[in-house]
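Participant: Take this structure first; my questions come after.
The values are calculated or read from the model by the stated rules, or taken from the named source; none is laboratory data. Remember, predicted model here, so these are calculated numbers, not experimental data. Please note: Cβ atoms are built from the backbone with ideal geometry, for glycine as well, and neighbour counts cover all protein chains shown.
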Amino acid sequence: MANTKSAIKYVRKTERRAAHNRGVRSRLKTLARKVRESEAAGNKEEAGKSAREFISALDKAAKTGIIHGNVVNRHKASCSHLIFNS
């Protein structure tokens, strides 16, 4: 357990940040699932729209350091054919 006031405050801040980051990661998983499902259904327009939304969320998460940039680049590369071929 934290001993000083500042350490206690730091624990509170960390818990808040962790909760926010969990929500962002969960949203990314949901968006990735939407992209996969729309691609599997053969709906090119919906897949392209979902891919754009997913890539935007990925970039925002990488900008704040929630996920690593290389992970973002890998996902963007796998989604790029959905955008340019829709």
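Participant: Would you check if VAL24 is in contact with a Leu (Cβ under 7 Å, 6 or more places away or on another chain) and at pLDDT 95 or above?
Facilitator: Spelling it out, it is not the case that VAL24 is in contact with a Leu (Cβ under 7 Å, 6 or more places away or on another chain) and at pLDDT 95 or above.
Participant: Scan the range 40-52 and tell me whether some residue there is at pLDDT 95 or above, loosely packed, with under 12 Cβ neighbours inside 10 Å and either among the small types (Gly, Ala, Ser) or at positive phi (or both).
Facilitator: No: zero hits.
Participant: Of all residues in the range 1-11, count the ones that are among the charged types (D, E, K, R) and loosely packed, with under 11 Cβ neighbours inside 10 Å.
Facilitator: Number satisfying all stated conditions: 1.
Participant: What residue, among those in the range 73-86 that are of a type in the set (Gly, Ala, Ser) and more than 30 Å from ALA19 (Cβ to Cβ), is surrounded by the fewest Cβ atoms within 10 Å (Cβ to Cβ)?
Facilitator: The selected residue is ALA77.
Participant: Now a separate question. Answer yes or no as to whether LEU28 is within 19 Å of PHE84 (Cβ to Cβ), among the hydrophobic types (A, V, I, L, M, F, W, C) and assigned to a helix (DSSP H, G or I).
Facilitator: no
Participant: Residue check: is GLY48 within 25 Å of ASN85 (Cβ to Cβ) and outside any helix (DSSP H, G or I)?
Facilitator: So GLY48 fails the test.
Participant: Pick out the one residue from ALA62, ALA32, ALA57 that is touching a Gly at 6+ places or on another chain (Cβ under 7 Å) and modelled with pLDDT of 95 or more.
Facilitator: Testing whether each residue is touching a Gly at 6+ places or on another chain (Cβ under 7 Å) and modelled with pLDDT of 95 or more leaves just ALA62.
Participant: If a residue must be in a helix (DSSP H, G or I) and surrounded by 12 or more Cβ atoms within 10 Å (Cβ to Cβ), how many such residues does the range 60-72 contain?
Facilitator: Within the range 60-72, residues that are in a helix (DSSP H, G or I) and surrounded by 12 or more Cβ atoms within 10 Å (Cβ to Cβ) number 6.
Participant: Another question, then. Any residue in the range 1-29 that is over 17 Å from LEU58 (Cα atoms) sitting within a Cβ distance under 7 Å of a residue that is in a helix (DSSP H, G or I)? List the pairs, counting only those 6 or more apart or interchain.
Facilitator: As it stands, the answer is ALA2/ILE8; ALA2/VAL11, since those pairs meet every condition given.
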